[in-house]
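Engineer: Handing you this structure, nothing more for now.
Values in this text are rule-based calculations from the coordinates and carry no lab data. Note that the coordinates shown come from a computational prediction; the quantities given were computed from them, not determined experimentally. In this analysis, Cβ positions are derived from the backbone assuming ideal geometry, glycine residues included, and neighbour counts consider all displayed protein chains.
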Amino acid sequence: MKLKAVLLALSAAALVSANAFAEAPIVIKFSHVVAPDTPKGKGAEKFKELAEKATKGRVKVDVYPNSQLYKDKEELEALQLGAVQMLAPSLAKFGPLGVKEFEVFDIPYIFPTKQALYKVTEGPVGKELFKKLESKGITGLAYWDNGFKVMSANKPLHSPSDLKGLKVRIQSSKVLDAQMRALGANPQVLAFSEVYQALQTGVVDGTENPPSNFYTQKMHEVQSNLTMTNHGYLGYAVIVNKKFWDGLPADIRTALEGAMKEATTYANDIAQKENDWALEEVRKSGKTKIYQPTEKEQAEWRKALLPVQKQMASRVGKDLIDAINKETASLKN
Ligand code: LMR
């Protein structure tokens with residue numbers, strides 16, 4: 001009798017804990033370095049909303065913006081170790097991981113328009129690049145857009161020679177290093193979370209980013225001049241820890257893929273609007289002068305920066321550059 005009671009109690013306890021286990025949601029920690037009110041920040045929140053809905057709460061997505069958990073380089077290590085499950089680093093930050101081909105996106109003027117960019121990210125080139133991540137324990141899920149970059153400093157930057165001798169913060173990309181050297185500037189790699197202070201204290205003199213990142217990090221408070229160079233592109237790869245992703249129940253993974261697809265459309269749709277809004281806010285602040293280069297000056301920027309493409313072919317792969325140029329040839333203006 002006593003034994004029967006013990007067994008009953010044990011099986012009841014097992015049932016309770018099995019239920020509790022079955023109900024515990026799968027948690028996706030999604031870490032990123034930008035502000036919540038940016039294309040990437042809003043895309044991450046949209047994915048959370050859609051993923052939790054599509055899986056009826058079986059998946060919980062916790063978004064950590066603004067380098068709250070990790071800085072640029074650390075977040076990639078954390079993903080590989082499984083400390084976080086999802087990231088969306090800029091395409092300029094995959095070099096230290098050993099996948100330098102992603103730096104092709106940093107080549108000045110390689111994408112004449114957003115259409116040209118989408119043709120690449122949504123086509124075979126985009127897929128091939130994702131394949132290169134697999135051996136690093138990473139699965140690529142989507143490309144998210146931000147925008148074309150502008151240059152800033154505490155002096156007017158009308159033509160490339162105005163950059164001469166300036167210390168300029170860049171992301172950890174050798175192509176960006178070559179780009180700044182082509183302008184006669186002195187490139188300094190810094191984590192995104194360190195840029196504001198570095199500009200404020202004069203550790204660096206200038207930087208480049210799309211207006212959305214510039215404004216939401218308050219760089220307009222510490223940079224008096226901005227030039228609409230639109231010389232290069234900034235976008236992201238949404239990536240997951242491969243072991244985690246492959247280990248998900250198939251129905252959950254399918255639901256998450258659907259949520260990612262929808263979040264990607266959303267993020268890409270708002271990117272331009274967010275950047276237009278941010279530029280307007282910078283203008284309204286009255287703290288940073290926005291300069292639109294003349295056609296002659298734009299030609300000077302191009303002339304100074306176009307050689308970077310040839311120069312960096314051996315790093316990112318000539319075939320890859322050729323493939324992109326071929327895909328976008330019909331869209332060049
Ligand atoms: C930067 O580090 O400048 C940006 O790429 C940050 C980001 O993720 O947009």
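Engineer: If each residue's Cβ is checked for other Cβ atoms within 10 Å, how do TYR233, TYR70, TYR118 rank with the fewest at the top?
Structural biologist: TYR118, TYR70, TYR233
Engineer: Just order 190-201, 126-137, 161-172 by mean Cβ neighbour count inside 10 Å, highest at the front, would you?
Structural biologist: Descending packing order for the listed peptides: 161-172, 190-201, 126-137.
Engineer: Taking the Cα centre as origin and putting +1 on Lys and Arg beta-carbons and -1 on Asp and Glu beta-carbons, what dipole magnitude results for segment 198-252, to the nearest 20 debye?
Structural biologist: 100
Engineer: Would you mind ranking ASP62, ASP145 by Cβ crowding within 10 Å, fewest neighbours first? Mind dumping the intermediate values first?
Structural biologist: On the way: ASP62 14, ASP145 25.
The fewest-first ordering by Cβ neighbours comes to ASP62, ASP145.
Engineer: Which residues in segment 118-148 have a backbone N closer than 19 Å to a point placed 7 Å from the Cα of LYS326 along the Cα-to-Cβ line?
Structural biologist: Residues 118-132 qualify, since their backbone N sits under 19 Å from the label point.
Engineer: Determine the gain in length on full extension of the stretch MET228-LYS287; use 0.36 nm per residue of separation and subtract their C-alpha separation, reporting nm with one decimal.
Structural biologist: 19.6 nm is the gain from fully extending MET228 to LYS287.
Engineer: In the chain, what percentage of the DSSP-assigned beta bridges are antiparallel, given to the nearest 5?
Structural biologist: Working: 18 of 35 bridges.
Of those bridges, close to 50 percent are antiparallel.
Engineer: Please compute the volume of the convex hull spanned by the alpha-carbon atoms of segment 175-253 and report it per residue in Å³. Mind dumping the intermediate values first?
Structural biologist: Details: hull volume 11.7 nm³, N = 79.
Taking only Cα atoms, segment 175-253 has a hull volume of 148 Å³ per residue.
Engineer: Can you give me the Cα centroid spacing of segment 19-63 and segment 76-94 in angstrom?
Structural biologist: 16
Engineer: Report Rg (one decimal) and Dmax (nearest whole number) for segment 193-333, counting Cα atoms only, units Å.
Structural biologist: Rg, Dmax (Cα atoms, Å): 19.6, 57.
Engineer: Additional query: Using the Kyte-Doolittle scale, which helices in the chain average at least -0.5 and also have C-alpha atoms spread 30 Å or more along the helix axis, with helices defined as whole DSSP H runs? Each step should come with its number before you reach the end.
Structural biologist: Numbers: long enough: 2-23 (32 Å, 1.28); 250-285 (49 Å, -0.82).
Counting only whole DSSP H runs, the qualifying helices are 2-23.
Engineer: Could you give the nm distance between label points at GLN188 and GLU74, where each point is 7 Å from its Cα heading toward the beta carbon?
Structural biologist: Result: 2.0 nm between the two label points.
Engineer: Measure up LYS164/LYS284; LYS132/LYS155; LYS29/LYS127; LYS40/LYS132; LYS71/LYS296 against 31 Å on the Cα-Cα distance and list the ones that go over. Show your work: numbers first, answer last.
Structural biologist: Values: LYS164/LYS284 29 Å; LYS132/LYS155 41 Å; LYS29/LYS127 24 Å; LYS40/LYS132 23 Å; LYS71/LYS296 39 Å.
The pairs that break the limit, which is 31 Å between Cα atoms, are LYS132/LYS155; LYS71/LYS296.
Engineer: Using Cα centres only, tell me the gap between segment 251-284 and segment 117-186 in whole Å.
Structural biologist: 19
Engineer: A further question on this structure: Output needed: percent of Cα pairs per 10 Å distance bin for the chain, bins running from 0 to the one holding the longest distance.
Structural biologist: Calculated over all Cα pairs of the chain, the distribution is 6, 25, 32, 21, 8, 4, 3, 2, 1, 0 percent.
Engineer: Report the gain in length on full extension from ILE26 to VAL203: 0.36 nm times residue separation, minus Cα-Cα distance, nm rounded to one decimal. Each step should come with its number before you reach the end.
Structural biologist: Values: separation 177, 0.36 × 177 = 63.72 nm, distance 4.26 nm.
Extra length available between ILE26 and VAL203 comes to 59.5 nm.
Engineer: Let me ask another. Fewest to most neighbouring Cβ within 10 Å: what's the order for TYR143, TYR109? Before the final figure, lay out each step's value.
Structural biologist: Numbers: TYR143 23, TYR109 17.
Ordered by Cβ neighbours within 10 Å, fewest first: TYR109, TYR143.
Engineer: Within 14 Å, Cβ to Cβ, of ASN146, how many net charges do the neighbouring residues add up to if Lys/Arg are +1 and Asp/Glu are -1?
Structural biologist: Values: positive: LYS40, LYS42, LYS93, LYS114, LYS149, LYS273; negative: ASP37, ASP106, ASP145, GLU208, ASP269, GLU274, ASP276.
Residues near ASN146 contribute -1 overall.
Engineer: Same structure again: Based on Cα coordinates alone, diagonalise the gyration tensor for segment 148-196, multiply each eigenvalue by 5, take square roots, and list the semi-axes in whole Å, largest first.
Structural biologist: Working: eigenvalues 58, 34, 18 Å².
Equivalent ellipsoid of segment 148-196: 17, 13, 10 Å, largest first.
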